[in-house]
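The values are calculated or read from the model by the stated rules, or taken from the named source; none is laboratory data. Computed from a predicted model, the values in this text were never measured in an experiment. In case anyone asks, the SASA skips ligands and DNA or RNA and just uses the protein heavy atoms, side chains included. Shrake-Rupley method; radii C 1.70, N 1.55, O 1.52, S 1.80 Å.
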Amino acid sequence: MRSILVTGAAGFIGSNFVRMLMSRGEDVKLVVLDKLTYAGNIANIQDLIDDEKLFFVKGDICDAALVEQLWTNHAINQVVHFAAESHVDRSILSSGPFVQTNVVGTQVLLDVAKAKGVDRFVHVSTDEVYGSLPEDKPDVKFTEETSLAPNSPYSASKAGSDCLARSYFHTHHLPVMITRCSNNYGPYQFPEKALPLFITNLMEGKKIPLYGDGMNIRDWLYVEDHCDAIWTVLNKGTPGEVYNIGGNNEMTNRKIVETILREMGKTWDDGVQYVKDRPGHDRRYAIDASKIKRELGWEPKHRWEQAIKTTIQWFKDHQDWWRAIKSGEYLKYYDQQYTQR
Ligand code: NAD
Ligand code: TYD
């Protein structure tokens, strides 16, 4: 049985990833390392912790001694690295934690992997490292050859970690693969990100705070499809390669908001407030995911029309989960981010 170190699996995508592997009954031991920052939530994986296949450790990926110990104690032979500071708006308020976790933390993992040995290492990255695309050229999309041009402290720190990962393959022959995915949505997403924020605000009788003119474009992928793509890359990918992952599902933020309002029975006037734009707000992201389809046979299985309904229903059914988050530290952040602008 292989022993996989999964970093950041108490967060949104990581928890969906371990949940997917456990429900499929994959023959793996999962060693979860998570610092449980404000975005990490043990409730996301609580029901899996008693399973003998999952071993949870609260700790920091920057702690080299701890990471080494995990390698030794659990005979780690593969890594899926999700752990990161992940929210653009927080990186604008303060970039230090982003450099620390995303750059230094990744360097620590790569160094321990080099020293202790690893069969495969998937570094989970983002399409945001490529920067912004023109909105008047719909045929232009990010390919794996697009130059890195990050515009936010978040994407800059992720680009830094991507460059380190690339260098450890070229210099040390570490079997690293990098995935760059578009925007995810689905269960367990922290309600500071656009979709869960919009959905839960409406459920609380608050308005959706829409940045700028609402015409920024993102490509949206259901989280289970992203998890399946990462599993595909871990098993079939070629070391040293980058794989773009996307939903072929570009939409303006206004279109997203219209869908959510319709599904939740609200009108634009009742439900939306335009607010000051995000500084440096990237205009458009779009992914060319033809390489992963051609070489590894992966493509998304979920369609937006159904998956957004499933997501809204999940937030309706899990009010205890998000109401517990939307208190305390979260309210201070919300006030700083939205009220004081
Ligand atoms: P998230 O913020 O929901 O979860 C991050 C997790 O990492 C949390 O559980 C947190 O406690 C943990 N963590 C943070 N710092 C840590 C540290 N120093 N040591 C150990 N654990 C730490 O993020 P997410 O949305 O699940 O994103 C996961 C990964 O996927 C990130 O690397 C992100 O860049 C990438 N990604 C996200 C999206 C998206 O739409 N959410 C899209 C593409 C790529
Ligand atoms: P977000 O979920 O933060 O992801 P990204 O990393 O792509 O910025 O935001 C998605 C889009 O929604 C992005 O264009 C910014 C916009 N947005 C708002 O209009 N209002 C909000 O309150 C938030 C959080 C995001």
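Per residue, how large is the accessible surface of the chain? Use a 1.4 angstrom probe and give square angstrom.
So the chain comes to 42 Å² accessible per residue, rounded to a whole number.
Summary of the geometry: segment 233-278 and segment 1-54, compared by the centres of their Cα atoms, lie 25 Å apart. Computed over segment 23-110, the quotient of the alpha carbon radius of gyration and 2.2 N^0.38 Å is 1.17.
With 0.36 nm allotted per residue and the present C-alpha distance subtracted, the R24-R2 stretch has 6.4 nm of extension available. For the chain, modelled as a GNM whose springs connect Cα atoms under 10 angstrom apart, the maximal fluctuation among N201, N102, N244 occurs at N201.
Considering only DSSP beta bridges where both residues belong to the chain, give the percentage that are antiparallel (nearest 5). Percent antiparallel among DSSP bridges in the chain is about 5. Rounded to two decimals, the Cα-based Rg/Rh of segment 104-256, with Kirkwood Rh, is 1.01. Overall, the accessible surface of the chain at a probe of 1.4 angstrom is composed of carbon and sulfur to the extent of 48 percent.
In summary, segment 198-339 shows an alpha-carbon radius of gyration equal to 1.22 times the 2.2 N^0.38 Å reference for compact globular proteins.
The smallest convex shape that holds all Cα atoms of segment 1-160, its convex hull, gives 132 Å³ per residue. Over every Cα atom in segment 157-241, the radius of gyration and the widest Cα-Cα span, Dmax, amount to 17.4, 54 Å. Evaluating 6.51 cos²θ - 1.76 cosθ + 1.60 at θ = phi - 60° for every residue in segment 275-286, the Karplus couplings come out as 10, 3, 5, 5, x, x, 4, 4, 6, 8, 10, 8 Hz, glycine and proline recorded as x. In percent, what relative contact order does segment 65-162 have, based on Cα pairs under 8 Å that are 6 or more apart in sequence? It comes to 38 percent, rounded to a whole number.
Counting only heavy atoms of the protein chains and using a 1.4 Å probe, D270 has close to 100 Å² of accessible surface.
By the rule of a C-alpha distance below 12 Å, with chain neighbours fewer than 8 residues away ignored, the aspartates and glutamates paired with K114 are E68. Pairs from the table (K53/K316; K53/K116; K193/K301) lying more than 28 angstrom apart at Cα are K53/K316.
For the chain, the relative contact order is 17 percent, taking Cα pairs closer than 8 Å that sit 6 or more residues apart in sequence and dividing their mean separation by the residue count. The equivalent ellipsoid that matches the C-alpha gyration tensor of the chain spans semi-axes of 31, 23, 19 angstrom, in descending order. For R284, the residues 5 or more places off, or on other chains, whose built amide H falls under 5 Å of its own are L133, I217.
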